[in-house]
Amino acid sequence: MDITICPSAEEASRLAGEVINNAVRQKPDLVLGLATGSTPLLLYKEMIAACSNGLDYSRVRTFNLDEYYGVPPDHPQSYRKFMNDNLFSHLNIAPENTHVPDGKARDVTAHCAAYEAEIKAAGGVDIQVLGIGSDGHIGFNEPASSLASRTRRVTLTRQTISDNARFFASADEVPRYAISMGVGTILEARTCLLLCFGANKARAVRGAIEGGISQFNPASALQLHPDTRVYLDEEAAAELDLKEYYRWAAENRPQ
Ligand code: PGA
């Protein structure tokens, strides 16, 4: 893993934004895997700023990690709406190029298989943006998700429901299920950008980077991925044993 500890989430997001914006410059029809939540918001601002300054996103294709099950696209808390509001409506991307699982799919199994097939038909994900849950989830792959899992319906943990309750009137209103790309799906992306900010992620970050590879912490599967770049703020990096080495390695990357 290529680990960068930054003084702030702003700086981390600027670096991750450069990776994505440069990739769009090089490949205008880039396939991006995208995430929701608080974590990628500053990164999305970097993409929006680049687009306002002339970077063409019109041919970029996107696939989101997940969506709440049972929630229609126009629901105020749907991930489709989150993406439209926080990113897509501010880019010149073609709406038909943006994909988010359909939380109201009638035949979930068929929908999940079709989502996987669409990713494949697009040529696979070039760069996958990831946050981490306080329980180590990536996408909605909760602890005990198979590290070979594919897109499917999943049951959220109580921890995730309580973490996400801040967006709903109460924890009772948070959906119990979601549709999520699997860990195996995520591992097929050519590059993964894992962004982790804040003290409440420090334990999960330590498990993901320095713990054993385990379905107990699904983000730890990224240790098997050949090009994962991790961007941390100081708070999220606080519990890492080899922090000083990661800083040294980042300052002395082979050119
Ligand atoms: P957050 O969520 O960005 O809102 O902290 C991350 C996640 O649950 O993957």
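Sorting the segments 26-32, 231-237 by their residues' average number of neighbouring beta-carbon atoms within 10 angstrom, most packed first, yields 231-237, 26-32. Entry note, the chain: the mean residue ellipticity at 222 nm calculated from DSSP H runs of n ≥ 4, each adding -39500 (n - 2.57), is -9500 deg cm²/dmol after division by the residues and rounding to the nearest 500. The DSSP beta bridges internal to the chain are antiparallel in roughly 30% of cases. Other residues lying with their Cβ under 14 Å from the Cβ of Asn21 contribute a combined charge of 0, Lys and Arg counting +1, Asp and Glu -1.
Once the convex hull of all Cα atoms in region 127-172 is built, its volume per residue stands at 99 Å³. Per residue, the convex hull around the alpha carbon atoms of region 162-255 comes to 127 Å³. Here the Debye sum runs over all C-alpha atoms of the chain as equal scatterers in vacuum, and log10 of I(q)/I(0) at q = 0.11, 0.17 Å⁻¹ comes out as -0.55, -1.41. Candidate cross-link partners of Lys201 among the aspartates and glutamates, defined by an alpha-carbon separation under 16 Å and a same-chain spacing of 8 or more, comprise Asp135, Glu142, Asp163, Glu210, Asp233, Glu234, Glu235, Glu239, Asp241.
Bridging of Lys81 to lysines at a Cα separation below 22 Å is possible for Lys45, Lys104, once same-chain residues fewer than 8 apart are set aside.
Can you say what percent of the DSSP beta bridges in region 91-226, counting only those with both residues inside, are antiparallel? Round to 5. Antiparallel bridges: around 60 percent, rounded to the nearest 5. Ligands, DNA and RNA left out, the accessible area of region 70-203 computed with a 1.4 Å probe is 51% carbon and sulfur.
Were the residues from Ala117 through Ser58 laid out at 0.36 nm apart, the gain over their Cα-Cα distance would be 19.0 nm. Fully extending the segment from Ala110 to Glu18, taken as 0.36 nm per residue of separation minus the present Cα-Cα distance, adds 29.5 nm.
In this rough spin-label picture, where each label sits 7 Å from Cα along the Cβ direction, the Phe167-Glu210 distance is 3.1 nm.
Loop-located GluC sites (Glu not before Pro) in region 135-214 (DSSP state other than H, G, I, E, B) with a sparse environment of at most 15 neighbouring Cβ atoms within 10 Å are absent. Normalised by the number of residues in region 67-110, the mean separation of alpha-carbon contacts (under 8 Å, six or more apart) gives a relative contact order of 48 percent.
Based on Cα contacts under 8 Å between residues 6+ apart, the chain shows a relative contact order of 25 percent.
Maximal additional length on extending the Glu96-Arg150 stretch stands at 17.1 nm, based on 0.36 nm per residue less the C-alpha distance.
Ligands, DNA and RNA are left out, and with a 1.4 angstrom probe the accessible area of region 103-199 is 42 Å² per residue. Between region 73-110 and region 130-168, the C-alpha centres lie 18 angstrom from each other. Of all lysines in the structure, those lying under 19 Å Cα to Cα from Lys27, and not within fewer than 8 positions of it along the same chain, are Lys120. Annotation: peptides 61-70, 100-109, ranked by per-residue average of other Cβ atoms within 10 Å with the highest first, follow the order 61-70, 100-109. Couplings 3J(HN,Hα) for region 49-56, derived from phi with the Karplus relation 6.51 cos²θ - 1.76 cosθ + 1.60 (θ = phi - 60°), are 4, 5, 5, 4, 8, x, 6, 8 Hz, where x marks Gly and Pro.
The values are calculated or read from the model by the stated rules, or taken from the named source; none is laboratory data. These numbers were taken from a predicted model, which means no experiment stands behind them. Using ideal geometry, Cβ is built from the backbone for each residue, glycine included, and neighbour counts are taken over all protein chains shown. Please note that ligands, DNA and RNA were not included when accessible areas were found on the heavy atoms of the full protein model with its side chains. Shrake-Rupley method; radii C 1.70, N 1.55, O 1.52, S 1.80 Å.
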